[in-house]
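In what follows, a single structure is set out as structure tokens and then discussed.
Just so you know, all these numbers are worked out from the coordinates, no wet-lab data involved. Nothing here was measured: the structure is a model prediction, and the numbers come from that model. Methodologically, a virtual Cβ is constructed for each residue, glycine included, from the backbone with ideal geometry; neighbour enumeration extends over all protein chains shown.
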Amino acid sequence: MSMSNTAAATAPVKTSKDKFKKAKISLRDRVTKSRIKSFIGRFFLYLLMAEIAFIIIFPLLTKLSAALMSYEDIFDRTVTFIPKHPTLENFALVLKESDYGLALYHTALVSLLAASLQTLVCSLTGYGLAKLRGKLSNAVFFIVLMTVLVPPQIILVPMYLKFRFMNPLGLVELITGKAGVMNTLWPIIILSITGYGFKNGLFILVMRQFYKGVPEEIEEAAAIDGYGVVGTYFRIVLPMAVPMMVTIFMFAFSWQWTDTFYSGIFFTQYKVLANTIFTMPSAMAGAGAVGTNFNSAMLLHTGVLLAIAPLIIIYCVAQRRIIAGIERSGLVG
Amino acid sequence: MSIAENTLQVKARRLTAMQKKQLSYWLFLVPFLIGFVFLFLWIYFDSIRYSFLYMELRGAEGLFTEFRGFEMYAQAFEDLDFVNNVRNSVTTMFGNVILVTLYSLFIAVILSQNIKGRTFFRAVFFIPVILATGFMTKADMSNMIMEQTWDNLGTDIQATGTIANGIFDRMDLQAYLMNLNFSPQISRFVINAVTGIFDIINISGVQMMIFLAGLQSISPSIYESADIDGATAWESFWLITFPMISPMILVNVIYTIIDSFTRADNPIMLQVRSQSLMGKGGMGLAAAMAWIYFLVALIFIGIFSFIVSRFVYYQQRD
């Protein structure tokens, strides 16, 4: 009994030792091979990434070069890309003329408000659509698709008229003295809180697909633990969706920031960056500044850079903090 | 008998529980439905109503409108520019869907790995998302318009758009390739490819970020266990990453179609915009065109999502 036992025990040990030897050789082999492979792979990878990054940054670099040029450089045929007389005059002019500080504050306020509301509402709507079955919910899904698919130009006039004369139960007239909510934050709040903001249909679609991918067992376990539908969503499912919602928040934030469509309709007096950058050159021309040392193209290039610079900075900071935090914590999966 | 009855009863009770649950899921849609019933139903209704109207701005009378039934739709179909533009948009969309989805998934997989300079690359790849609103396109366009009008006014402000835009001009490349004595077909192909790459990179920022977020939501423990089981990187891509990301592939295909059809520089969008501002028929004809276009886009979304959804994997039992 004991003999057969030891024999049975030693046999597999031998084979595993052989295997170990073989593995050792092939491992060493594999390491050198994969080192060379990974070096070549990495080289081409970085080459590719650098090239793509260059294509993306290039238009911004041309804008930067135009923004740094002095007035003489524009008429100098020998100057193509690197200005001969670099100057910050354009930046100073734009900062002054576009009322940059105030516009920046307004833009940040509107974007933060819109993005927070849109992220939450689209997440809720997406969850509802992911869980509901039947023709009625398909109809709602169709409406969601419709909101992104209908060309915005075509609802511009009806939408303008709705908000221009908005006066539910006579309340607006009672408070402000006249109907309509133009040049207040209300149009953006109303659109965001109902999930009809800029490209919100996309956000709803993303969240629906994400929630459809969440295993049903998780929700069943939550139900056994005594959570209701709403409790399950806020306690269990929502935390899992944080990476998706962070992405959507960043989309909503930067799209509200640079959106000229809704801003052009609702904020004619309320100064936001997306408007002031475009109205600034013609406003200056109207004020009789034509012929002095400024150039419309240079101002617009500078304005575009100044408008998106805060966004890129915010994204970099947020990426360090938020995204890295998500990856490290055990939130996911 | 009694057992069968019992199970039937249990089934019935379960069904009502399911229905109750379904009812409470409708709660999540309340904000969206309120917005639709009180606001957007009427906005869309108005827009459809416009498409049956003939509108024209007449100086003294102001806006002239007249009900014309389906005449605006008939006019849209007779407009050769419009029909051609629709056809071109559809062909462009086909190319975009395939290339954008493949490219953005590829880059997202690279960026989700721990490569050096990841923070920098991610920030750079986010720039196309910021510019997706057409912010910079509008700046460039208004630059051109302003320069033209100011040139006419006889001021000393000259066209400077050329400084910024002329460096990487397509024309330069074209001339360069012509000098190399290639056949025109080859040089045309290369030029199209170069501008194509340029466009694809700039329109796939959103899709890439969505893929990236999707990849981040996959639990690393799945990869670890696959690694222990001896799966290669290639296998774990096709057996883990691909099925887990497939719901987002559907999103991105649908979004690419929508984006390709409704971008600010799409010829139809330009036509609709200029039509709504001027021309005979005015807003009415523009609305008719937009709704025809909407239906075309909807058909293609239907076809594509039907095909793609066969490959989509959800972690669910039904």
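Values computed for the structure shown
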quantity: Peptide A:201-214 - average C-beta neighbours from other chains (10 Å radius); calculated: 6
quantity: Local electrostatic count at A:Leu202 - Lys and Arg +1, Asp and Glu -1, tallied over other residues with Cβ under 15 Å; calculated: +1
quantity: Label-point gap, in nm, between B:Thr137 and B:Arg118 - each point 7 angstrom along Cα→Cβ; calculated: 3.3 nm
quantity: Spin-label pair B:Ala193/B:Glu235, simplified geometry with 7 Å Cα→Cβ offset, distance in nm; calculated: 3.6 nm
quantity: Size of electric dipole in the range B:179-301: Cβ of Lys, Arg +1 and of Asp, Glu -1, about Cα centre, debye, nearest 20; calculated: 860 debye
quantity: Computed FRET value (nearest 0.05) for B:Ala74 with B:Asp265, which takes r as the C-beta separation and R₀ as 22 Å; calculated: 0.20
quantity: A:Arg235/A:Ile175 FRET efficiency (R0 51 Å; Cβ-Cβ; nearest 0.05); calculated: 0.85
quantity: Residue exposure sequence - B:Trp291, A:Trp186, B:Trp238 - by fewest surrounding Cβ within 10 Å; calculated: B:Trp238, A:Trp186, B:Trp291
quantity: Using θ = phi - 60° and Karplus 6.51 cos²θ - 1.76 cosθ + 1.60, couplings along the range B:209-214 (whole Hz; Gly, Pro as x); calculated: 5, 5, 4, 4, 5, x
quantity: Neighbourhood net charge (14 Å Cβ-Cβ; Lys/Arg +1, Asp/Glu -1) for A:Tyr105; calculated: 0
quantity: Ascending count of other beta-carbon atoms within 10 Å, so fewest first, for A:Ile265, B:Ile303; calculated: B:Ile303, A:Ile265
quantity: When each of A:Lys212/B:Lys21; A:Lys135/B:Lys20; A:Lys131/A:Lys199; A:Lys199/A:Lys271 is checked by Cα-Cα distance, pairs over 19 Å; calculated: A:Lys131/A:Lys199; A:Lys199/A:Lys271
quantity: Cα→Cβ-extended label distance, 7 Å offset, between A:Arg35 and B:Gln185, nm; calculated: 4.9 nm
quantity: P(r) histogram, all alpha-carbon pairs of the range A:147-231 included - 10 Å bins from 0, percent; calculated: 14, 30, 22, 18, 14, 1
quantity: Mean Cβ count within 10 Å, highest first, over the residues of peptides B:38-46, A:42-50; calculated: B:38-46, A:42-50
quantity: Fewest-first ranking of B:Lys20, A:Lys131, A:Lys271, using other Cβ atoms within 10 Å as the exposure measure; calculated: B:Lys20, A:Lys271, A:Lys131
quantity: Cα-based Kirkwood hydrodynamic radius, the range B:215-308, one decimal, Å; calculated: 16.5 Å
quantity: Integer Hz, Karplus 6.51/-1.76/1.60 couplings in order for the range A:212-217, x for Gly and Pro; calculated: 5, x, 6, x, 5, 4
quantity: Label point 7 Å beyond Cα of B:Phe106 along Cβ direction - residues of the range A:35-62 with amide nitrogen under 12 Å; calculated: A:45, A:48-49, A:52
quantity: 10 Å Cβ neighbours from other chains, averaged over peptide B:282-291; calculated: 3
quantity: FRET efficiency, 1/(1 + (r/R0)^6) with R0 35 Å, evaluated for B:Arg273 and B:Glu66 via beta carbons; calculated: 0.95
quantity: ³J(HN,Hα), Karplus 6.51/-1.76/1.60, whole Hz, each residue of the range A:164-174, x for Gly, Pro; calculated: 5, 10, 5, 7, x, 6, x, 5, 4, 5, 5
